[in-house]
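Heads up: the structure comes next, in structure tokens.
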Amino acid sequence: MLKSIYCMAAIFVLSACGSNVPVEVQEFKFMIQSDDPAIQETAIALMDQYNEDVGQEVLLLTEYDDEANSFIRFENDLEAQRNILAYGTSIQEMKVSQYPETQSKIVYSMDLLFDTENFASRTGSETDQGSGAWKHLYHLFCHEVGHGLMMNHAQSKESVMYYSIPENSRETVNYKTYFEGVRQFFNIQSHDSGYQPGDDSRLGEEK
Ligand SMILES: [Zn+2]
């Protein structure tokens, strides 16, 4: 039974103007917006495992407001009121500097919103990283970060980007294809034989 319902991603598309080719800046500097130490600890653990699975520190952590461009936020009753566990948004901002010469940049960032109660119920000392609660939360986290990296929903039920996941999944989740897409986004060379440079499938089929 499919119980949990994910979000949709909102994507802001900006087109380049001017003659110079914009420089793409893909530095995701996260601030975790929660006062709950258990939630903070779990969010950091999720980021750590994500970076490990990518093979590079692509999600960075900061405690400073003026440094942060991406956020992990929590909202009460997100599931109760909107029937979603989380919501991931990709943000691209065009920034143009005029000095010393006109140079435009596309700065990527993301906003991740989680249902507080669902997230908190899967944190705590009993939640080790082999548990079903952790696997579910990691799946959810990867899915929302995927939206933050401009991924759309996928048709395959095994895909991390399928719109929904079973509460107690015993099915295989296809993280391999997912992280190949993530490495493509960051232009990270993969040692995996399945990696195909130039494959633009991460843009998805949903328009
Ligand atoms: Zn989704």
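The values are calculated or read from the model by the stated rules, or taken from the named source; none is laboratory data. Computed from a prediction, not measured in an experiment: that's the story for all the values here. Positions of Cβ are backbone-derived with ideal geometry, glycine not excepted, and every protein chain shown enters the neighbour counts.
Identify, please: which residue in segment 92-116 is among the hydrophobic types (A, V, I, L, M, F, W, C) and surrounded by fewer than 19 Cβ atoms within 10 Å (Cβ to Cβ) and is, among those, nearest to Glu75 (Cα to Cα)? The selected residue is Val107. Do we have any residue at all in segment 37-57 that's assigned to a strand (DSSP E or B) and closer than 16 Å to Glu144 by Cβ? No, segment 37-57 contains no residue that is assigned to a strand (DSSP E or B) and closer than 16 Å to Glu144 by Cβ. Number of residues in segment 129-157 that are within 15 Å of the ligand (Cβ to nearest atom), more than 16 Å from the chain's Cα centre (by Cα) and either of a type in the set (D, E, K, R) or not in a loop (DSSP other than H, G, I, E, B) (or both): the value is 1. Pull up segment 58-69, narrow it to residues that are free of Cβ contacts under 8 Å to residues at least 60 places away in the same chain and outside any loop (DSSP other than H, G, I, E, B), then point me to the one that is surrounded by the most Cβ atoms within 10 Å (Cβ to Cβ). It comes out as Leu61.
Looking at Thr177, Thr172, just one residue is among the hydroxyl-bearing types (Ser, Thr, Tyr), over 16 Å from Gln26 (Cα atoms) and in a loop (DSSP other than H, G, I, E, B), and that residue is Thr172.
Just one of (1) at pLDDT below 90; (2) within 16 Å of the ligand (Cβ to nearest atom) fails for Met1. It is (2). Restricting segment 73-109 to residues that are hydrophobic (A, V, I, L, M, F, W, C), closer than 25 Å to Glu144 by Cβ and outside any loop (DSSP other than H, G, I, E, B), the residue that is modelled with the highest pLDDT is Phe74.
Taking the condition under 26 Å from Tyr108 (Cβ atoms), within 15 Å of the ligand (Cβ to nearest atom) and buried (at least 19 other Cβ atoms within 10 Å of the Cβ), does Phe119 pass? Break it down stepwise before answering.
Values: under 26 Å from Tyr108 (Cβ atoms): yes; within 15 Å of the ligand (Cβ to nearest atom): no; buried (at least 19 other Cβ atoms within 10 Å of the Cβ): yes.
No: the conditions fail for Phe119.
Among the residues of segment 128-156, those that are at pLDDT below 90 and of a type in the set (D, E, K, R) comprise Asp128, Lys135. Among the residues of segment 94-134, those identified as in contact (Cβ under 8 Å) with a residue 60 or more places away in the chain and of a type in the set (Lys, Arg) are Lys105, Arg122. So is Ala68 away from the ligand (no atom under 16 Å from the Cβ), at pLDDT 95 or above and small (Gly, Ala, Ser) or not? For Ala68, the condition - away from the ligand (no atom under 16 Å from the Cβ), at pLDDT 95 or above and small (Gly, Ala, Ser) - is met.
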